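S.K.: Okay, handing you the structure first.
The values are calculated or read from the model by the stated rules, or taken from the named source; none is laboratory data. Every value quoted in this text rests on a predicted model; they were computed, and no experiment measured them. Cβ sites come from the backbone with ideal geometry, for glycine too, and all protein chains shown count toward neighbours.
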Amino acid sequence: MKTKPPRLADVAKAADVSTATASMALNDTGGTRIGAGTRERVRAAAADLGYRPNRVASGLRTRRTHTLGFVGDDVATTPFSGQMIRGAHDAAREAGFMLLIVDTSGEAAETGEAVAALQERQIEGILLATMYHQVVKAPKAIATTPCVLLNARTPDGSASSVVPDERGGTLGLLAELTGAGHTRIGHITTTEDVEARAIRLATWRERVEANGLHSDDLLVEIDQATTRPAHAAALRLLDRPDRPTAVFCFNDRVAMGVYRAAAQLGLRIPEALSVVSYDDQELIAPELQPALISAALPHYEMGRWSVLELLRRLDNPEAATVQHLMPCPVVKRESVAPPR
């Protein structure tokens with residue numbers, strides 16, 4: 001025979017208090033004079049009975065569901081981008097909120113359907129996350145539901161957002177090279193139209209040309225920022241008399257290609273060639289020999305920040321939007337040495 005779930009009245013009876021007192025104790029209702037001993041007694045009774053509040057019914061009364069929505073474009077399928085979900089989940093849980101996650105292909109229609117489905121479930125706010133750092137149009141959802149963009153931003157700042165500080169991370173990497181004495185710094189990057197590529201490339205050009213060098217002579221672009229095309233690109237860049245003494249790579253997979261090309265050409269890293277990179281992927285950067293200096297993408301920290309900003313907007317809907325740059329710390333290892 002199926003046992004009925006315990007009710008609030010059962011908890012109140014077990015704790016020897018009124019139903020109203022039990023409700024206020026379990027919900028931490030402010031402005032009430034419930035002693036700490038009574039509150040603990042009620043919670044202990046609820047735990048003993050296995051009582052769980054009906055959040056749906058509570059939400060109907062208070063218009064609070066303590067539920068946030070997370071819509072991403074393939075974020076859940078990417079190992080390091082998945083850290084955004086973990087950061088958001090941890091921050092939401094600590095605040096007593098549940099995070100409902102929907103992963104999409106990134107198509108506008110599918111994203112719109114996902115947002116609508118979450119709104120039908122009475123979420124209080126929504127996080128819109130992208131796998132790559134992007135500039136996007138202001139989502140229609142912000143008209144009716146508090147919204148924060150994660151790893152994306154709007155051109156006009158109409159929505160709160162958090163993105164990696166691509167420029168700051170690039171400057172940190174280049175400082176590792178210039179601090180060691182390098183001026184001829186090559187760059188292997190992608191031709192993909194993404195914000196990360198544009199910002200890192202512009203920052204590198206600025207620093208190289210400040211040294212009186214022609215950046216185009218030190219630049220190689222590849223269709224895909226992966227190891228095989230990077231290997232071929234690195235051979236073209238390094239197998240010449242006026243080769244660079246250091247290479248700044250778009251990401252760690254590109255750096256793997258540079259390492260292979262350097263070995264093929266008999267260039268020891270870092271004695272004959274210094275290498276720095278972006279992403280700090282745990283299966284690549286620390287495992288290369290020598291271990292690679294790389295700027296970490298702060299996906300976990302961005303996920304946490306996005307939830308805290310969303311909660312701030314729930315408490316103060318009229319608050320000004322915030323566009324936050326999350327630092328990309330340089331993880332120092334052994335891939336840089338002074339040029340010969």
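S.K.: Please work out which residue is nearest to A159 (Cα to Cα), limiting yourself to the stretch 311-340 and to residues that are surrounded by 13 or more Cβ atoms within 10 Å (Cβ to Cβ), in contact with a Pro (Cβ under 8 Å, 6 or more places away or on another chain) and at pLDDT below 95.
M.R.: Per the stated criteria, the residue is R313.
S.K.: Within the stretch 23-48, work out how many residues are part of a helix (DSSP H, G or I) and either under 23 Å from F97 (Cβ atoms) or at pLDDT below 80 (or both).
M.R.: Quick first cut of the stretch 23-48, residues part of a helix (DSSP H, G or I) only: 23-27, 36-48.
Those left that are additionally either under 23 Å from F97 (Cβ atoms) or at pLDDT below 80 (or both): 23-27, 39, 42-43, 46-47.
Total satisfying the criteria: 10.
S.K.: OK, next. Can you tell which of R253, R200 is within 25 Å of V163 (Cβ to Cβ) and touching a residue at least 40 places away in the same chain (Cβ under 8 Å)?
M.R.: Numbers: R253 fails: touching a residue at least 40 places away in the same chain (Cβ under 8 Å).
Step by step, each of R253, R200 is checked, and only R200 is within 25 Å of V163 (Cβ to Cβ) and touching a residue at least 40 places away in the same chain (Cβ under 8 Å).
S.K.: Another question about this same structure. Of all residues in the stretch 50-98, count the ones that are assigned to a helix (DSSP H, G or I) and modelled with pLDDT under 80.
M.R.: Start the filter on the stretch 50-98 by keeping residues that are assigned to a helix (DSSP H, G or I), which leaves 55-62, 75-77, 82-94.
Then drop every residue that is not modelled with pLDDT under 80, which leaves 55-62, 75-77.
Residues in the stretch 50-98 being assigned to a helix (DSSP H, G or I) and modelled with pLDDT under 80: 11 in total.
S.K.: Can you confirm whether the stretch 250-268 contains a residue that is buried (at least 16 other Cβ atoms within 10 Å of the Cβ), in contact with a strand residue (DSSP E or B) (Cβ under 9 Å, 6 or more places away or on another chain) and in a strand (DSSP E or B)?
M.R.: no
S.K.: For residues that are β-branched (V, I, T) and out of contact with any Pro (no Cβ under 7 Å at 6 or more places or on another chain), scanning just the stretch 269-284, find the one that is surrounded by the fewest Cβ atoms within 10 Å (Cβ to Cβ).
M.R.: Initial filter on the stretch 269-284 (β-branched (V, I, T)): 269, 275-276, 284.
Narrowing the set further to residues that are out of contact with any Pro (no Cβ under 7 Å at 6 or more places or on another chain) leaves 275-276, 284.
Numbers: V275: 27, V276: 28, I284: 20.
Checked the stretch 269-284; the qualifying residue surrounded by the fewest Cβ atoms within 10 Å (Cβ to Cβ) is I284.
S.K.: Find the residue count for the stretch 69-110, including only residues that are under 18 Å from I123 (Cβ atoms), small (G, A, S) and touching a strand residue (DSSP E or B) at 6+ places or on another chain (Cβ under 7 Å).
M.R.: Residues that pass the stated criteria total 5.
S.K.: Something else: Quick one: I284 ticks every box in (1) in a loop (DSSP other than H, G, I, E, B); (2) within 15 Å of H182 (Cα to Cα); (3) β-branched (V, I, T) except a single one, so which number is it?
M.R.: The failed condition is (2).
S.K.: Another question, if that's okay. So which of S335, S294 ends up being of a type in the set (G, A, S), under 23 Å from the mean Cα position of the chain (by Cα) and more than 30 Å from A95 (Cβ to Cβ)? Before the answer, list the steps.
M.R.: Values: S335 fails: under 23 Å from the mean Cα position of the chain (by Cα).
Selected residue: S294, the only one of S335, S294 that is of a type in the set (G, A, S), under 23 Å from the mean Cα position of the chain (by Cα) and more than 30 Å from A95 (Cβ to Cβ).
S.K.: Here's something else I'd like to know. Can you pull out every residue in the stretch 74-99 that is over 15 Å from the mean Cα position of the chain (by Cα) and surrounded by 15 or more Cβ atoms within 10 Å (Cβ to Cβ)? Even if it seems obvious, please write down each step before you answer.
M.R.: If we filter the stretch 74-99 for residues that are over 15 Å from the mean Cα position of the chain (by Cα), which is where we start, we get 93-99.
Listed by number, the residues that qualify are F97, L99.
S.K.: A follow-up question, please. Which of the residues spanning the stretch 287-340 are of a type in the set (A, V, I, L, M), part of a loop (DSSP other than H, G, I, E, B), in contact (Cβ under 8 Å) with a residue 12 or more places away in the chain and farther than 30 Å from R243 by Cα?
M.R.: Going residue by residue through the stretch 287-340, those that are of a type in the set (A, V, I, L, M) are 288, 291-293, 295-297, 302, 307-308, 310-311, 314, 319-320, 322, 325-326, 330-331, 336-337.
Next cut, part of a loop (DSSP other than H, G, I, E, B) only: 288, 291-292, 297, 319-320, 322, 336-337.
Then drop every residue that is not in contact (Cβ under 8 Å) with a residue 12 or more places away in the chain, which leaves 288, 291-292, 297, 322, 336-337.
Listed by number, the list holds a single entry, V322.
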